[in-house]
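Each value in this text was obtained by applying a stated rule to the coordinates, not by laboratory testing. No experiment lies behind these values; they were computed from the predicted model shown. Heads up, the Cβs are rebuilt from the backbone with ideal geometry, glycines too, and the neighbour counts pull from every protein chain shown.
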């Protein structure tokens, strides 16, 4: 069996199409979408429709898949001030796009985890973040005792969420991270995913990085109207250009300094960074 485990598409249809074509060329028999199909990019509806139309796809729930549903419901799990803050314009826009297409609540049925069990091979446990929370990232830095808690006896533990590939043996468990299809944060602009192959001597792993033309998705930030929603859309677009995590560091920097999130502080933040384009 050969599995393609893809994640963090984030509304980037061109990157998704590149990965799906490569997975087919590599002979993947099954595709596990490990969360965050939607939000950030302009193509949430098209990306989700593309995956739902296939018969070889299963899903886990990512934090952004859930966020848009929580946003639409004005959930008390989200800070009340977010709903009136223009910084969250891109999230509101993506939620409305999915709602208008009748797709907003599709992820409500997605589980937090998937397992793969093949006789004679270590069990595989897959979750967007960790099996306990979709915002807890897994990598070579995860503490061995935490890996033991999370793996629940499985020999392979796979996460996504951190937008970079990772592989390490941690406390006797193979810990893998898929990297990101639509918004990599490791300086490599290619669409990235994990190929997992069952063999007589165990699971074979291959991290795939697929070139694609980013011009289309970058242009659709403007033509779709997403870029008109404000600063967060600008940041998401810049993350695709730079292949770096910018949104979270910027958020933390403004939080730590008690600063507003606006174009002035964003420009200041960018000037503090080293050259940001690969």
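Numbers below:
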{"quantity": "Members of region 4-28 found to be more than 27 Å from residue 224 (Cβ to Cβ) and buried (at least 21 other Cβ atoms within 10 Å of the Cβ), listed by number", "calculated": "4, 5, 28"}
{"quantity": "Enumeration of residues in region 115-154 that are touching a residue at least 40 places away in the same chain (Cβ under 8 Å), surrounded by 14 or more Cβ atoms within 10 Å (Cβ to Cβ) and over 20 Å from the mean Cα position of the chain (by Cα)", "calculated": "116, 121, 122"}
{"quantity": "First in region 58-70 and touching a residue at least 60 places away in the same chain (Cβ under 8 Å), second anywhere and in a helix (DSSP H, G or I), Cβ under 7 Å, 6 or more apart", "calculated": "61/107; 66/107"}
{"quantity": "Residue in region 29-39 that is part of a helix (DSSP H, G or I) and closer than 24 Å to residue 240 by Cα present", "calculated": "no"}
{"quantity": "Residue among 86, 111, 107 that alone is in contact (Cβ under 8 Å) with a residue 40 or more places away in the chain, loosely packed, with under 14 Cβ neighbours inside 10 Å and in contact with a helix residue (DSSP H, G or I) (Cβ under 8 Å, 6 or more places away or on another chain)", "calculated": "86"}
{"quantity": "Residues that are outside any helix (DSSP H, G or I) and within 17 Å of residue 185 (Cα to Cα), drawn from region 237-274", "calculated": "243, 244, 245, 246, 273, 274"}
{"quantity": "Failed criterion for residue 224 (all others in (1) in contact with a helix residue (DSSP H, G or I) (Cβ under 7 Å, 6 or more places away or on another chain); (2) closer than 16 Å to residue 89 by Cα; (3) surrounded by 14 or more Cβ atoms within 10 Å (Cβ to Cβ); (4) touching a residue at least 12 places away in the same chain (Cβ under 8 Å) hold)", "calculated": "(1)"}
{"quantity": "Filtered residue count, region 1-28, keeping only those that are closer than 20 Å to residue 165 by Cβ and not in a helix (DSSP H, G or I)", "calculated": "12"}
{"quantity": "Enumeration of residues in region 176-208 that are under 18 Å from residue 33 (Cα atoms) and part of a loop (DSSP other than H, G, I, E, B)", "calculated": "179, 180, 181, 182, 183, 184, 190"}
